[in-house]
Amino acid sequence: MPLYTANLAAKLPHGFGLSGRSSSSLPNYADQKRVGPLVSGSESLSQELKVAVGAVQMACFLCQRVQSNLLKKNAQIQAKDDNSPVTVADWSVQAIISWILSKSFGSKNVSIVAEEDVQTLSKPGADRLLKAVVETVNECLCEAHRFGLENPERTLCSSEVLEAISRCNSSGGSTGKFWTLDPVDGTLGFIRGDQYAIALALIEDGEVVLGVLGCPNYPMRKEWLCYHPRYHRIITKLSAATSDSWDKGCVIYAQKGSGEAWMQPLVHETKKLVWPNSAIPIQVSTIDDPALATFCEPVEKANSSHSFTAGLAHSVGLRNQPLRVYSMVKYAAIARGDAEIFMKFARAGYKEKIWDHAAGVVIIQEAGGVVTDARGRPLNFSKGMYLEGLDRGVIACAGANLHDKIIRAVDASWNSSCL
């Protein structure tokens, strides 16, 4: 049974283990001693890292509130022009992160490439939706101090919230410094109460130098990976969640050149974000035998080929069921050692956006993994909003040996594919 699939059976077996692995072989991050993120890279980015982690933590807090309301009344869901669903959370997260970055570093010094725009919110008849976004943003920003951030001096009005969202209009490029943001990556997962991520990265002269992934439904305890998030919600209602329990949700981050990736639990209820001692180091898996490896692929079939990855998995000797999961949580799974391979081969005409990969790439690399296109070349984040020049697809692996095997298998199988 694939883990975290959208069609996971409601029946929740006791003692259900990860395919191909014994639960005793999986380290329990929640029980490890927390140490500080002693980043050994550029000291000039220490403030950016602190603000980015706090902003993503707060965005996770916002998303959990909105998702809880959505699951109760299935409300406030809109559709974008490409028919993909978008919620109040998308615009609200973009607004608060834009506002926080601008407040922390000055609006003239902050450039952001992000997914959402204000067109839908500015249309006639969108007053109710805009009001919901403004209320959500202000409710969240009132809690900014809990995340080590500065609270607004007053409540933001509609025009200020729209301005914050529309400020994310950079087109990227090969020079200068800019942020990439996917406010809710995996919107379908978000709406269905499944996996999703908030992805924030900093790019400088075309290179990703900092990445933060917020994964609100990705538990700290690895043994909980076998269960659908709906089971987590049941347990939460039955027992109070504390920092010493299973810790629903995590934030993972890394800085380029540090050789370290870090994970911290989400800040719960009235608790405050502790910096810098609320994180633990994470590393990729040491498995390099395809027969023992677990691979990730997107849940959605609209922009990826499950049939090709299934055939490729068979040819390379992958025996474990795939981890089909929404969003960049796939990158988090590899960085934490929960899986070893991520493969995505887009269908013809689909172009990969930089915000769907930037944060995850630097995190896996600093955790000891490898991310390239299918030719083995680094992903190019210097050509604007898209990963221009991408050869066939994206391949992320826990190590170089495993990566080489996958690359060779892709070359051998590609001509017989229909992509």
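The values are calculated or read from the model by the stated rules, or taken from the named source; none is laboratory data. The shown structure was predicted, so the numbers you read here are calculated from the model rather than taken from an experiment. Every residue, glycine as well, gets a Cβ built from its backbone with ideal geometry; the counts of neighbours run over all protein chains shown. All accessible areas refer to the heavy atoms of the entire protein, side chains included, with ligands and DNA or RNA removed. Shrake-Rupley method; radii C 1.70, N 1.55, O 1.52, S 1.80 Å.
Within the stretch 362-411, the set of residues being closer than 24 Å to residue 209 by Cβ and part of a helix (DSSP H, G or I) comprises 362, 363, 364, 365, 366, 400, 403.
Among the residues of the stretch 127-136, those identified as surrounded by 19 or more Cβ atoms within 10 Å (Cβ to Cβ) and either of a type in the set (Lys, Arg) or under 23 Å from the mean Cα position of the chain (by Cα) (or both) are 133, 136. Of all residue pairs spaced 6 or more apart or on separate chains, those with beta-carbon atoms under 7 Å, a first member in the stretch 274-298 that is within 22 Å of residue 58 (Cα to Cα) and a second member that is of a type in the set (Asp, Glu) are 281/260.
Here are 351, 271, 344, 330: which of them is outside any loop (DSSP other than H, G, I, E, B), surrounded by fewer than 24 Cβ atoms within 10 Å (Cβ to Cβ) and among the basic types (Lys, Arg)? Exactly one of 351, 271, 344, 330 is outside any loop (DSSP other than H, G, I, E, B), surrounded by fewer than 24 Cβ atoms within 10 Å (Cβ to Cβ) and among the basic types (Lys, Arg), namely 344. Here residue 346 does not qualify as closer than 20 Å to residue 182 by Cα, modelled with pLDDT of 75 or more and under 15 Å from the mean Cα position of the chain (by Cα). In the stretch 322-336, is there at least one residue being at positive phi, touching a Ser or Thr at 6+ places or on another chain (Cβ under 8 Å) and either at pLDDT 85 or above or of a type in the set (S, T, N, Q) (or both)? No, the stretch 322-336 contains no residue that is at positive phi, touching a Ser or Thr at 6+ places or on another chain (Cβ under 8 Å) and either at pLDDT 85 or above or of a type in the set (S, T, N, Q) (or both).
Each residue in the stretch 370-415 was checked for being open to solvent by 70 Å² or more (accessible area, probe 1.4 Å), free of Cβ contacts under 8 Å to residues at least 60 places away in the same chain and among the charged types (D, E, K, R), and 6 of them qualify.
Between 163, 150, 139, the distinction of being under 14 Å from residue 98 (Cβ atoms), over 22 Å from the mean Cα position of the chain (by Cα) and open to solvent by 50 Å² or more (accessible area, probe 1.4 Å) belongs to 163 only.
Checked against the criterion of being at positive phi and either at pLDDT 90 or above or surrounded by 24 or more Cβ atoms within 10 Å (Cβ to Cβ) (or both), the candidates 186, 193 yield just one match: 186.
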